[in-house]
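The structure under discussion appears below in the form of structure tokens.
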Amino acid sequence: MSLKTLRKIPKTIGFRLTFWYSFIFTLSVFLLFLFAYVYLQATLIHKDHDEILTELRELHTLYQSGGIPSVEKNVVSFRKSPEKNKFFIRIASQNNHTRYIYFPYQWVEFDIKSLEVIAPTPKKWIRISDQYHKAYLEIMTTHLNDGGVLQVGQDTRERERILTKFKDAGTIIILPLLLLGILGGSVLAYRALHPIRHLIDSVQSISRDMEALGKRVPNPHSGDELEELISLFNEMLQKIETLIKAMKNSLDNVAHDLRTPVTRLRCMAELALQKEHLPEECQNALGECLEESIEIQKLLNTLMDISEAETGVLHLDLQAISLNQVIKKVLDLYGFVAEEKELQIEIEMHPHLPIRADPTRLTQVLANLIDNAIKFTPRQGSVSIKAFPQGKEAVMVIEDTGIGIAESDLPRIWERLYRGDQSRSKKGLGLGLSLVKAIITLHGGSIEVKSQLGKGSTFTVRLPRVEI
Ligand code: ADP
């Protein structure tokens, strides 16, 4: 892939659709995950605090009825139940001296002594961190009737463990989700742009070859704006096709209608020129009339030939002939012109190239192509003619080092009366290639051109081969 194509990718609708879909998908998943995390954290905190407050109320009632022994008796039963063996319990005197304390062994990491210096304010959570600052001991305080305080708490390690697991799961699934988002986005963009790609293909093939004007973009039957656009585009193609056909027909009709008056004009000029004692001025004028009418007749005949060849009416006198012989015959005709322009002519031909063709029409085709190659190649350039078999075809390649054809002009050179800007100074009618294409197509063959402005052109003709 070239750098230019790579640079174009971010600008394509397909890329932008994929990017935005993946971005919104990933962002939504991330926000959903964040919301679930915050919600889970709030629920766990609420549950932990609820348990501490329930325990605090229970122990407060026990203390009021039986003092520290009563609390101690209850705590003994804690050891048998892992459910309860997670609470921290402290009873302190009025001046915050510890009178009774109970905490499970795993809590040694917390600086419990610091509670003697933290003022025990009821209804306010006290948080003591462990030495690694990874977990906390959350403690709630309540006043006792004797002026002392009761504190109950539990650590946040279980809560942190659940939240860390949740976070880890999120980190693991985020990459596959991102890939899923990109994949989903690409599929979505591909499906959404499928009809547009058909549209682009059709427009491209029409701009490459006007014959493709008969093509239509397949209807996606999606019932959306794209379907509307495609049917409007097809309607427009239909109208253009009808218009072009009408233009061609009127050109054919004009050519047909003008043939008789022009022939009469030519005959009259010829007859008048045969008269004796004509003044010189009249002779010159009649001579010019004759020359011009011959040119117009040629143009009209070629126009009619093209029209007949395109509609398949042109009669072909098909014979088994050798492509080599036709090429040699045409080269004999143009050898002198090439010599005069000091052009180098290279010929490379396979000895056996039998085809079935109309020799006169094929000579016309080759003469047009070789004439163009010589005409559009500056002095001391070169023209090469190659002929060889390829599969079931006989291929002829005419390559020149001439002025070349602009890329934008390439599809138009086959049109009737079309002449490139640079060739206007040269002799020609702009009908040669239209006739060439029509005759070759009528023979069941094909012609294509490759050209680079200022470097030269290559015309490739393919004709079906026959066995003799
Ligand atoms: P004409 O030769 O009478 O102008 P054609 O139908 O033979 O008409 O060719 C149409 C146009 O195609 C030419 O006017 C010219 O611009 C271009 N063309 C054809 N052959 C060549 C070539 N070998 N090199 C450069 N341009 C060419």
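Surface calculation, 1.4 Å probe, protein heavy atoms: residue 79 sits at approximately 150 Å² accessible. Full extension of the chain segment joining residue 203 with residue 408 gains 72.4 nm, where the gain is 0.36 nm per residue of separation less the Cα-Cα distance. The helix-based estimate of mean residue ellipticity at 222 nm for the chain, built from -39,500 (n - 2.57) per DSSP H run of four or more residues and divided by its residue count, is -19500 deg cm²/dmol to the nearest 500. For the chain, the solvent-accessible area with a 1.4 angstrom probe is 61 square angstrom per residue. Computed on the chain, with alpha-carbon pairs under 8 angstrom and 6+ residues apart, the relative contact order is 10 percent. Derived scalar couplings between HN and Hα for region 179-187 equal 4, 4, x, 5, 5, x, x, 5, 4 Hz in order, rounded to whole Hz, by the Karplus curve 6.51 cos²θ - 1.76 cosθ + 1.60 (θ = phi - 60°), x for Gly and Pro. Taking label points 7 Å from Cα along the Cα-to-Cβ direction, residue 429 and residue 244 give a separation of 2.2 nm.
The protection proxy used here, the mean number of other Cβ atoms lying within 10 Å of each residue, ranks peptides 370-379, 313-322 as follows, highest first: 370-379, 313-322.
With all protein chains in place and a 1.4 Å probe, the accessible surface of the chain carries 60 percent carbon and sulfur.
Across the chain, the volume of the C-alpha convex hull divided among the residues equals 300 Å³ per residue. What is the local net charge at residue 343, summed over the other residues whose Cβ is closer than 14 Å to its Cβ (Lys, Arg +1; Asp, Glu -1)? Charge balance in the 14 Å sphere: -4. Using 0.36 nm per residue and subtracting the Cα-Cα separation, the extra length available between residue 168 and residue 291 on full extension is 34.9 nm. Name the shape class, rounded, prolate or oblate, that the alpha-carbon gyration tensor gives for region 233-354, where a ≥ b ≥ c are the square roots of its eigenvalues, rounded holds for a/c under 1.5, and otherwise prolate holds if a/b is larger than b/c and oblate otherwise. In terms of gyration-tensor shape, oblate. The angle separating the long axis of helix 323-340 from the principal Cα axis of greatest extent in the chain is about 80 degrees. As an exercise, identify the trypsin sites (Lys or Arg not before Pro) in region 222-285 lying in DSSP coil whose Cβ has no more than 10 other Cβ atoms within 10 Å. Passing sites in region 222-285 are 275.
Once the Cα atoms of helix 13-78 and of the chain are each reduced to a long axis, what angle between those two axes, in degrees from 0 to 90 to the nearest 10, is obtained? Relative to the chain, helix 13-78 is tipped by roughly 10 degrees. Kirkwood radius, region 319-464, all distinct C-alpha pairs, inverse of mean reciprocal distance: 15.4 Å. Highest mean packing comes first when the peptides 395-403, 16-24 are listed by Cβ atoms within 10 Å, giving 395-403, 16-24.
The values are calculated or read from the model by the stated rules, or taken from the named source; none is laboratory data. Not measured: the values here are computed from a predicted model. As a convention, Cβ positions derive from the backbone with ideal geometry for all residues, glycine included, and neighbour counts pool all protein chains shown. For the accessible areas, the whole protein counts, side chains as well, though only heavy atoms, and no ligand, DNA or RNA atoms are used. Shrake-Rupley method; radii C 1.70, N 1.55, O 1.52, S 1.80 Å.
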